[in-house]
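For reference, the structure is listed below as structure tokens.
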Amino acid sequence: MTSILTNVGAISALQTLRSINSDMATAQGRVSSGLRVQYAADNAAYWSIATTMRSENMVLSAVSDSIGLAQAIADTAYAALDTVVEHLDAMKSLFVSARSMEPVDITDFSYYSSTYFPDAGAEKRVDPKYAGSLLHKLDVDMLQHIMAINSAVDSASFNGVNLLAKPKDGVDLDDAIAAKFVVGYAQGDVQKLNVASRDLVLFNANYASYGTVAETENNTGILDGDINIKAQMPDGSWWWTSAPIDIFNSTIFDESHDNVGISVIYDLESVIQLSGFTRDSAYDHFLNEFDQKIQSVVSAQAKLGSVQHRLEMAGDFNFTLMDAYTSGIGRLVDADMSEESTRLKALETQQQLGIQALQIANSNSENVLALFR
């Protein structure tokens with residue numbers, strides 16, 4: 001049946017062309033965006049999973065930044081510890097050199113530190129005999145190493161975090177956390193690596209403010225406190241000195257036995273002579289105690305190295321996890337560009353054929369005119 005009111009062929013061709021155009025729009029969208037699931041309407045389940053995993057990936061990216069910051073903090077502290085150990089070793093060498101030198105008579109109490117003998121008065125004057133000795137020259141060199149260690153610890157700060165120095169805050173060293181590093185994220189929980197202050201703090205500004213001896217000892221940083229010498233008397237008996245040797249403290253620039261600052265060797269020689277100890281036994285015990293401080297710093301460096309390794313592993317795992325998430329998202333929503341380009345080319349051909357079919361269908365009504373001629 002031929003009708004000029006209803007062209008069934010044109011309607012059919014038009015429906016086909018509309019379908020082809022819709023498929024072309026979909027294919028073009030996939031080619032231009034690279035996604036086969038771009039909106040929830042494309043595939044609600046895949047879109048929902050992909051959106052959630054993208055959110056997780058953003059969190060993991062923030063975790064990676066946090067790990068990078070933590071690594072910078074740890075690396076800064078480790079570099080400072082390297083410097084500290086270097087200067088401690090140099091100080092130990094100076095102590096060994098001092099042990100082999102001739103002692104200087106410094107038993108005049110008027111020149112001795114008022115820290116140990118308050119009756120000597122607050123003024124600390126220079127002992128002229130000691131000031132001209134080789135031991136004094138070692139003391140001058142010693143002070144430079146002490147100041148360098150203090151400077152290294154004070155400078156071991158990155159983004160306001162210093163793992164080696166604890167500020168005066170009244171918090172017990174055993175209860176304090178030097179840093180809390182974010183190392184992971186899973187199922188809504190942030191995973192942290194806590195670094196204990198006890199493991200790394202060289203100087204604790206709180207330790208001297210406690211009332212009891214036990215509290216003070218429990219809050220002593222690795223290089224805080226003094227060295228109490230046990231040495232032999234000429235009669236063969238062994239005694240502890242009543243005047244411990246203080247090396248590192250917060251008042252280093254205020255101490256002045258020789259006009260340049262703290263004089264550790266001067267204090268050690270004074271304790272030996274004023275206590276009547278044999279010099280070799282006193283130096284041996286002092287060096288043993290000092291070496292323990294060095295080993296404690298080395299242990300702290302080893303613990304910090306473990307923290308660095310943990311952060312490195314966390315960073316590697318986090319990147320691997322991000323890559324896995326990205327790959328998984330891609331499998332769900334990414335378009336196969338080879339397939340889409342082939343489909344688009346086929347749809348272009350179908351579109352051309354559909355247009356021709358519509359033209360043919362529309363031309364049928366024109367044939368009716370020939371019947372009326």
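Could you please tell me which pairs satisfy a Cβ distance under 6 Å, a separation of 6+ or placement on different chains, a first residue in the stretch 193-218 that is over 15 Å from Ala300 (Cα atoms), and a second residue that is aromatic (Phe, Trp, Tyr) and at pLDDT 90 or above? Hits for this filter: Leu193/Phe181.
When we screen Asn162, Asn194 for residues that are surrounded by fewer than 16 Cβ atoms within 10 Å (Cβ to Cβ), at pLDDT 90 or above and within 29 Å of Glu312 (Cβ to Cβ), the only hit is Asn194.
Of the residues screened, Ala148 is not one that is more than 17 Å from the chain's Cα centre (by Cα), not assigned by TED's automatic domain parsing to the domain that holds Ser66 and not in a loop (DSSP other than H, G, I, E, B).
Quick grid of which residues meet (1) of a type in the set (A, V, I, L, M, F, W, C); (2) surrounded by 14 or more Cβ atoms within 10 Å (Cβ to Cβ):
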| position | (1), (2) |
| --- | --- |
| Val307 | yes, yes |
| Leu321 | yes, yes |
| Met337 | yes, no |
| Gln351 | no, yes |
| Gln356 | no, no |
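Among the residues of the stretch 197-226, those identified as within 30 Å of Ser281 (Cβ to Cβ), modelled with pLDDT of 85 or more and aliphatic (A, V, I, L, M) are Leu202, Ile222, Leu223. Taking the stretch 32-66 as the range and being of a type in the set (Asp, Glu) and touching a Phe, Trp or Tyr at 6+ places or on another chain (Cβ under 9 Å) as the test, only Glu56 passes. Taking each residue of the stretch 270-293 that is closer than 13 Å to Arg99 by Cβ and of a type in the set (Ser, Thr, Tyr) and looking for partners that are part of a helix (DSSP H, G or I) and modelled with pLDDT under 90 with beta-carbon atoms closer than 9 Å, six or more apart or interchain, yields Thr278/Ile272; Tyr283/Leu268; Tyr283/Ile272.
When Asn21 is tested against (1) in a helix (DSSP H, G or I); (2) crowded, with 18+ Cβ neighbours inside 10 Å, exactly one condition is not met: (2).
Results for (1) within 30 Å of Thr51 (Cβ to Cβ); (2) touching a helix residue (DSSP H, G or I) at 6+ places or on another chain (Cβ under 6 Å); (3) assigned to a loop (DSSP other than H, G, I, E, B), shown as yes or no for each residue.
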{"position": "Leu274", "(1), (2), (3)": "no, no, no"}
{"position": "Asn288", "(1), (2), (3)": "no, no, no"}
{"position": "Val298", "(1), (2), (3)": "no, no, no"}
{"position": "His309", "(1), (2), (3)": "no, no, no"}
{"position": "Asn318", "(1), (2), (3)": "yes, yes, no"}
{"position": "Ser327", "(1), (2), (3)": "yes, no, no"}
{"position": "Ser338", "(1), (2), (3)": "yes, no, no"}
{"position": "Ser341", "(1), (2), (3)": "yes, no, no"}
{"position": "Leu344", "(1), (2), (3)": "yes, yes, no"}
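The values are calculated or read from the model by the stated rules, or taken from the named source; none is laboratory data. Keep in mind that what you see is a predicted model, and the values were worked out from it rather than measured. No Cβ is skipped: glycine too gets one built from the backbone with ideal geometry, and neighbour counts run over all protein chains shown.
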